[in-house]
1. Just the number: Rg to Rh for the chain, Cα atoms, Kirkwood Rh, two decimals.
2. Just round it to a whole percent: the fraction of Cα-Cα distances in the range 36-126 exceeding 22 Å.
3. In degrees between 0 and 90, to the nearest 10, how far off the longest principal axis of the chain does helix 145-160 point, with axes built from Cα atoms?
4. If you count only protein heavy atoms and use a 1.4 Å probe, how large is the accessible surface of SER147, to the nearest 10 Å²?
5. Could you compute how fast the range 101-244 diffuses translationally, taking Rh as the Kirkwood radius over C-alpha pairs and applying Stokes-Einstein at 25 °C with viscosity 0.890 mPa s? Give it in µm² per second.
6. Residue farthest toward the positive end of the dipole of the chain, with Cβ of Lys/Arg at +1 and Asp/Glu at -1: which of ILE130, TYR145, LEU108?
7. Taking only Cα atoms, what is the 0 to 90° angle, nearest 10, from helix 222-234's long axis to the longest principal axis of the chain?
8. How large is log10 I(q)/I(0) at q = 0.15 Å⁻¹ when the Debye formula is applied to the Cα atoms of the range 1-80, each weighted equally and without solvent?
Amino acid sequence: MSNIIAITSGKGGAGKSTVSAGIGQALAKRGKKTVVIELDAGLRGLDIMLGVENQVVYDLGDLVSGACSLDDAAVSIDGCPNLFLIAAPTMLPEGMDKPELPQVVQALSSWFDYVILDLPAGIRFSLQLIPRLADMTVIVATPDYVSVRDSNRVASALTELGVTNCRLLINKVNTKYRKMNIIKDLDEVLDGVGVPLLGVLPEDLQIKSVFSCGGQLEKETAPAVIFERIAARIEGEYTPLYII
Ligand SMILES: Nc1ncnc2c1ncn2[C@@H]1O[C@H](COP(=O)(O)OP(=O)(O)O)[C@@H](O)[C@H]1O
Ligand SMILES: [Mg+2]
């Protein structure tokens, strides 16, 4: 089973944290005990996005340095049994560069069905951790020229390091723009990045609002179905893509 999933991108703002939260919720709804670990030290955000800002006392830095236990650091997400968050430290560096970090993540993978690593923008940290840890890497790209080129570079750098199980998630697809021919055709994005497709997410107000301050996607709406299918594909089920 691919139980450590790294979420990366070429640039910030592509939607790594949103995708981490959405995939985390979808796997948890399938009954999988899932923890999302935010690795963006100094730029914590997932606590707010998952609605647990006031419940975070300890963070990943505390866990790595041994200042707290796993039970202290893993905050359970209201309304989503099976889903937990380990928040990023609010300050740099607080243990993020310690050699113990990969060992801690590896140890967590025996406590959870899935460990989702929400990696920081830029590839330095990704290149350091993904080859050592990830069973699957999801590259989040938006359908524009800069994102496609950056994502291709991330994919190539990972390939050089021997990483094989990479998937592409195209995020913030806006069909109106596509009709205006500002944004590339999805095929072009796929060819430009050169990585098999995991899913396609629309630019969508529900996604933005639910993953801005906590909540659940409304059942049977397109975003909920898309995340369900992505989770099923991660679990190795044959499920057709749902693209709107
Ligand atoms: N599919 C989407 N539809 C609408 N807004 C989105 C979508 N994905 C991400 N966003 C918005 O884009 C911004 C950046 O997303 P975020 O997940 O924080 O990116 P990253 O973690 O890669 O920096 C946020 O304001 C988020 O709400
Ligand atoms: Mg982020």
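The values are calculated or read from the model by the stated rules, or taken from the named source; none is laboratory data. This is a predicted model, so every value here is computed, not measured. So basically every Cβ, Gly included, is an ideal-geometry build from the backbone, and we count neighbours across all protein chains shown. Accessible surface areas use protein heavy atoms only, side chains included; no ligands, DNA or RNA. Shrake-Rupley method; radii C 1.70, N 1.55, O 1.52, S 1.80 Å.
1. 0.94
2. 18 percent
3. Approximately 60 degrees, to the nearest 10.
4. 20 Å²
5. 149 µm²/s
6. TYR145
7. 70 degrees
8. Summing over Cα pairs of the range 1-80 leads to -0.57.
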